[in-house]
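Bear in mind that the values in this text are calculations on the coordinates, not laboratory data. The structure presented is a predicted model; accordingly, all values stated were derived computationally and were not measured. Note: ideal-geometry Cβ built from the backbone for every residue, glycine included; neighbour counts use all protein chains shown.
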Amino acid sequence: MSRAASVFLTLLAVTLLQGCASLGGKELALHGVELAPMSPSPQRATWQLLVEEPRSVAPVSGPRIVLRARDGEYAVLPGVRWREPSPVLFQALLVEAFERCECLAGVARSSAAMRGEYLLATELRAFELRDDGEGPPLAVAEASITLVRISDGRAAGSQRVAHSIRAARRDAAAGIDALGLALNAVVAQTIQWTLAASADSSAPSP
């Protein structure tokens with residue numbers, strides 16, 4: 001690890017490590033992402049959606065809170081992690097958001113015993129803090145999403161969704177808050193695109 005990445009990691013870790021709870025002699029702090037408030041949709045679709053667990057690769061695939069230094073090297077905040085692996089966290093937020101918006105006849109994880117008309121397949125490509133040298137780190141969330149018709153297995157469309165927001169301060173607590181905001185923005189974009197893609201898919205051909 002470069003000296004720049006090491007210094008960045010240390011600065012971000014100090015605040016959290018001071019407030020960690022002790023578990024078995026080891027410092028540990030678990031963090032989640034709360035879904036942002038949202039209003040119910042004025043219209044409700046008649047179809048049901050299954051949300052697949054997002055694909056991802058390391059370092060995004062695990063529960064660690066990821067830092068990316070300017071030289072491209074990755075590190076993680078020591079002694080802290082998300083309550084669940086990042087893809088599972090993303091999936092849970094998507095399901096909760098579709099439930100709260102009341103815009104579908106039904107929504108569930110793809111592992112649930114529910115029949116759906118569409119499957120939402122996603123890949124979580126980024127969920128990390130990035131040091132760009134311009135002040136506090138950027139919180140970045142990015143995903144590729146595909147809506148699949150279950151009846152014939154054909155894709156109704158694919159889209160890239162992403163959002164970045166600068167942390168309020170150069171410390172771990174502010175970085176984690178910013179990551180939550182970035183992921184919420186990606187969830188909101190996903191809902192908007194999914195509803196539009198399903199409408200285009202069901203529209204009669206000219």
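Each Lys and Arg contributes +1 and each Asp and Glu -1, all at the Cβ; summed about the Cα centre of region 3-202, the dipole is approximately 180 debye. Counting charges near Trp82 (Lys, Arg +1; Asp, Glu -1) among other residues having Cβ under 14 Å from its Cβ returns a value of -1.
Distance distribution note for region 3-202: the fraction of Cα pairs above 28 angstrom is 31%.
Given Cα pairs under 8 Å that are at least 6 residues apart, what percent is the relative contact order of region 3-202? It rounds to 22 percent for region 3-202. Shown here for region 120-192: trypsin sites (Lys or Arg not before Pro) in loop regions (DSSP other than H, G, I, E, B) with at most 10 other Cβ atoms within 10 Å, namely Arg154.
Projecting the Cα atoms of Ser111, Gly79, Val66 onto the dipole axis of region 62-113, where Lys and Arg carry +1 and Asp and Glu carry -1 at the beta carbon, places Gly79 farthest toward the positive end.
Can you pull out the GluC sites (Glu not before Pro) in region 104-206 whose DSSP state is coil and whose Cβ has at most 14 other Cβ atoms within 10 Å? Answer by residue number: Glu134. Local charge sum around Glu96 (other residues, Cβ-Cβ under 15 Å, Lys/Arg +1, Asp/Glu -1)? Neighbourhood net charge equals -2. Shown here for region 62-112: GluC sites (Glu not before Pro) in loop regions (DSSP other than H, G, I, E, B) with at most 16 other Cβ atoms within 10 Å, namely Glu73, Glu102.
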